1. With r defined as the distance between the Cβ atoms of LYS11 and LYS182 and R0 fixed at 22 Å, what FRET efficiency is calculated, to the nearest 0.05?
2. With +1 on each Lys and Arg Cβ and -1 on each Asp and Glu Cβ, and nothing else charged, work out how big the dipole of the chain is about its Cα centre, in Debye to the nearest 20.
3. Output the relative contact order of the chain, whole-number percent, from Cα pairs under 8 angstrom with separation of 6+ residues.
4. Consider a paramagnetic label point 7 Å from the Cα of ASP19 along Cα→Cβ; state which residues of the stretch 119-141 have an amide N under 16 Å from it.
5. Could you derive backbone 3J(HN,Hα) for the stretch 107-117 from the dihedral phi with the Karplus parameters 6.51, -1.76 and 1.60 (θ = phi - 60°), listing whole Hz in sequence and x where the residue is Gly or Pro?
6. Which order do MET1, MET189, MET38, MET69 fall in if you start with the one that has the fewest other Cβ atoms within 10 Å?
7. Starting from the amide H of ASN52, placed 1.01 Å from N in the peptide plane, find each other amide H under 5 Å away whose residue is 5 or more places distant or on another chain.
8. Counting other C-beta atoms within 10 Å, which of VAL183, VAL59 has the fewest, and how do the rest follow?
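Bear in mind that the values in this text are calculations on the coordinates, not laboratory data. Treat the numbers as computed from the prediction; the structure is a model and nothing was measured. Reconstructed Cβ throughout: ideal geometry from the backbone, glycine too, with neighbour counts over all protein chains shown.
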Amino acid sequence: MALAVTAYGNKVLRKVCDDITAEYDGLQVLIDNMWETMYEASGVGLAAPQVNKTIRLFVVDTAQVYEGMNEEDREDLFEEEEGVKEVFINAQITGESEEFWAEQEGCLSLPDINGEVERPWSIEIEYYDRDFKKQVKTFSGYNARVIQHEYDHTEGVLYIDHVSGISKRLMKNKLAKIAEGKVAPKYRMRFAK
């Protein structure tokens with residue numbers, strides 16, 4: 001079942017999330033619902049705070065982007081990796097490259113705005129997958145960017161926290177409209193009260 005996406009202005013998006021165990025009530029249903037919500041909203045990632053849950057859980061599907069790209073764009077954004085479709089539980093970024101790159105980002109919780117964000121080109125991350133098996137992996141390029149974006153959500157950080165001061169000032173009116181519930185994306189949203 002597709003859930004409402006938590007909109008900018010809701011305090012849940014600013015909370016540092018809690019680790020969970022494999023016994024977390026309704027975990028597998030929540031994961032299925034998050035996938036459905038993400039796809040309905042045409043997203044490539046979704047974190048639990050975006051569906052009003054303050055737990056360290058997010059889903060990422062960059063495989064759909066990889067499949068839709070031409071070979072040249074794949075080489076630029078994915079290098080030797082392919083897209084990934086993965087569940088990340090209790091994730092911790094344990095390392096990052098010295099190389100950074102800037103790219104436009106958007107967010108389902110902040111519809112209709114984008115901003116340039118500089119992030120490490122590659123990261124090492126420890127997490128549990130959907131079956132609660134521990135994983136330690138390195139991701140780079142577009143995969144690393146999306147994972148870092150969703151990881152930030154579990155830390156109470158939004159991509160707009162990384163944009164320049166000028167860009168943030170230019171977004172101010174749009175952010176206010178989102179917080180006031182004056183936007184109408186093609187997916188359901190949960191606005192702050």
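1. Details: r = 19 Å, r/R0 = 0.85.
Taking R0 as 22 Å, the efficiency between LYS11 and LYS182 is 0.70.
2. Numbers: 23 positive and 36 negative charges, 341 e Å.
With Lys and Arg at +1 and Asp and Glu at -1, about 1640 debye.
3. Working: 372 pairs, mean separation 55.9, N = 193.
For the chain, the relative contact order is 29 percent.
4. 125-129, 132-136
5. Per residue, the Karplus-derived 3J(HN,Hα) values read 7, 4, 7, 10, x, 6, 9, 9, x, 7, 10 Hz.
6. Details: MET1 8, MET189 20, MET38 25, MET69 15.
Neighbour counts put them in this order, fewest first: MET1, MET69, MET189, MET38.
7. THR6
8. Details: VAL183 17, VAL59 24.
Lowest count first: VAL183, VAL59.
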